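Taking it in order: structure first as structure tokens, then the write-up.
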Amino acid sequence: MDEGLLQQGTELSQIPTYVTAVPNGTEKGLYMAVDLGGTNFRVCSIQLHGNTTFSLTQSKVAIPKELMVAKTSKELFSFLAKQIETFLKTHHEEHYTGHIRRRETGGAVKEEEIFNLGFTFSFPVNQIGINKGLLMRWTKGFDIADAVGKDVCALLQTEIDALGLPVRVAALVNDTVGTLMARSYTSPGKTGTLLGAIFGTGTNGAYVEKLDKVTKLTKSKDSGDYDKSTGEMIVNTEWGSFDNSLRTLPNTPYDIELDEKSVNPGIQMFEKRVSGMFLGEILRLAIIGLLKDPTFPLFRDENSAQNDIHSTTQIYDNSPIYKQWGIDTSFLSICAGDTSPGHRMVRQTLDKDYGITAVSAEDAEAVRAIAAAIGRRAARLAAVAIAGIVINTGRLDAAKGTATTEQKAGIDPPRGDADLAEEDVIDVGVDGSLVEFYPNFEDHIREALREIEGIGAKGEKRIRIGIAKDGSGVGAALIALVAGRVAVDTE
Ligand code: BGC
């Protein structure tokens, strides 16, 4: 972490985000946000009520696969601008038609007519201003060569302008930063949130760092403008690339094969063990590995008598388990959630979705065991990332709390923070399909936190983890709010 704050080009990118404060829930106004994540593109407008609550209107489309690997970035960004246009026509029709009419009749465009938009762009971007950032690399299966090195805000603004929409891209926001902002706006109590983390299609975290530690920004001559008064800056770690050189990450034959066949071999090595895009594929490769091993009896009943449902297991030739990405990570959640005798859900899903029929209870149990190991490993690695930030920011020492390192796992301390003084709480906002849908993901994280030297059982209790649902929408709006103020003040 420290190395990344000093210099460029490190495994943990530690990107300064130009966001220097977290909100406190009193912010107000109507803003827009768009979110290009891994799987979907969301457009929303957010009314902040100023009392920690907000109303959100949104539309969501799946990003067409061919646009993720389009020949030119224009294809992707013009598609995004079109979605913004459709959203405005549907949900802010008066505003939209009023603006278009005035433009057509040569009327002046009023400042208050322009929506400030927060652009959540969930890929590593070298940020050089609040609404300026150059794409470093694609992740999560995207691959559009000509966008790398370009300012993604300018790419979007160009397409918005081509459609004549009343929208200014006011802020560029990583989804983790949005999650941090949203959690800070909505979380109980006055304590600001320390960390926003995503465990979804990809994984990453952004946290509040002391500005004077971010020397690669403060000592650089060509850094853009930012507010220095808070003494803090939110830093986007890009922890998905932690330990790309594999000094310490676990590395199984399935991890190796997954990486070799990915669009970005050798990078995002932490992400490839933790996030939703990859866990299903690790399971698939493990199952295929077992099927290739003649000594292993998985799905290989010789006759129906060997199978508790008296029918021989069969794998169809066109089963998705033979295709890359064929198993969805949601199947791991099904496995973890199915504690029924004989694992009916697991067997049904293997039959209906994966073309493997008449699976025995024993085989279903084997699949469950592998899936559970993959899910648990992901959660435990997630805990490492969270713990790294808690420890390195010195938050455990800062407050009154008396966390010690000698407390180890074994005891199951009560969850939650009911007895904690407000200043002892270390607040973490999380979002993403894994934390939301993988059963007990947080419990696995907590179990590992207790075992980590420097956190221990007491430290773990002080860490409050809360879902910041739709964080990237409202968080981006909050940043657009601050950025919009600055833009108007300086115009
Ligand atoms: C990206 C991050 C993003 C994370 C979660 C990763 O692949 O590099 O920028 O925050 O996914 O969406």
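If only one of ASP225, ASP212 is surrounded by fewer than 20 Cβ atoms within 10 Å (Cβ to Cβ), in contact with a Gly (Cβ under 8 Å, 6 or more places away or on another chain), within 27 Å of VAL428 (Cβ to Cβ) and in contact (Cβ under 8 Å) with a residue 12 or more places away in the chain, which one is it?
After applying the criteria, what remains is ASP212.
Only one residue in THR237, THR248 is of a type in the set (Val, Ile, Thr), open to solvent by 20 Å² or more (accessible area, probe 1.4 Å) and under 26 Å from ALA206 (Cα atoms). Which one?
THR248
Could you list, ordered by first residue, the pairs with Cβ atoms under 6 Å in which the first is in the range 337-365 and acidic (Asp, Glu) and the second is open to solvent by 40 Å² or more (accessible area, probe 1.4 Å) and assigned to a helix (DSSP H, G or I), at least 6 apart or interchain?
ASP338/MET345
Working only within the range 141-177, note down all residues that are acidic (Asp, Glu), open to solvent by 40 Å² or more (accessible area, probe 1.4 Å) and within 16 Å of the ligand (Cβ to nearest atom).
Passing the criteria: only ASP143.
Can you report the number of residues in the range 84-115 which are closer than 30 Å to GLY200 by Cα and either touching a Phe, Trp or Tyr at 6+ places or on another chain (Cβ under 6 Å) or within 16 Å of the ligand (Cβ to nearest atom) (or both)?
Of the residues in that region, 1 qualify.
Quick one: which helices (runs of 4 or more DSSP H) lie wholly within the range 202-308 and hold at least 3 residues that are over 30 Å from ALA21 (Cα atoms) and either basic (Lys, Arg) or within 16 Å of the ligand (Cβ to nearest atom) (or both)? Give the steps one after another, and end with the answer.
Numbers: elements: 215-218, 253-260, 271-274, 276-292.
Per the criteria, 276-292.
Looking only at the range 178-192, which residues are in contact with a strand residue (DSSP E or B) (Cβ under 9 Å, 6 or more places away or on another chain) and more than 16 Å from the ligand (Cβ to nearest atom)?
SER184, TYR185, THR186, SER187, PRO188, GLY189, THR191, GLY192
Could you give every pair whose Cβ atoms fall below 7 Å, whose first residue belongs to the range 421-448 and is free of Cβ contacts under 8 Å to residues at least 60 places away in the same chain, and whose second residue is open to solvent by 30 Å² or more (accessible area, probe 1.4 Å) and of a type outside the set (A, V, I, L, M), counting only separations of at least 6 or pairs across chains?
ALA421/LYS400; ASP424/LYS400
Considering (1) open to solvent by 10 Å² or more (accessible area, probe 1.4 Å); (2) more than 9 Å from the ligand (Cβ to nearest atom); (3) over 12 Å from VAL22 (Cβ atoms), say which one ILE198 fails and leave the rest.
Here ILE198 meets the rest and fails (2).
More than 30 Å from the chain's Cα centre (by Cα) and surrounded by 16 or more Cβ atoms within 10 Å (Cβ to Cβ), is that true of ILE327? Quick ask: steps written out before the conclusion?
Numbers: more than 30 Å from the chain's Cα centre (by Cα): no; surrounded by 16 or more Cβ atoms within 10 Å (Cβ to Cβ): yes.
The answer is no for ILE327.
Have a look at ILE282, ILE288 and point out the one that is touching a residue at least 60 places away in the same chain (Cβ under 8 Å), open to solvent by less than 50 Å² (accessible area, probe 1.4 Å) and of a type in the set (A, V, I, L, M, F, W, C). Break it down stepwise before answering.
On the way: ILE288 fails: touching a residue at least 60 places away in the same chain (Cβ under 8 Å).
Only one candidate passes the filter, namely ILE282.
The values are calculated or read from the model by the stated rules, or taken from the named source; none is laboratory data. Predicted model only: the values in this text are computed from it and were never measured. We place every Cβ from the backbone using ideal geometry, glycine too, and count neighbours over all the protein chains shown. Each accessible area value is taken on the protein alone, full model and side chains, heavy atoms only, with ligands, DNA and RNA left out. Shrake-Rupley method; radii C 1.70, N 1.55, O 1.52, S 1.80 Å.
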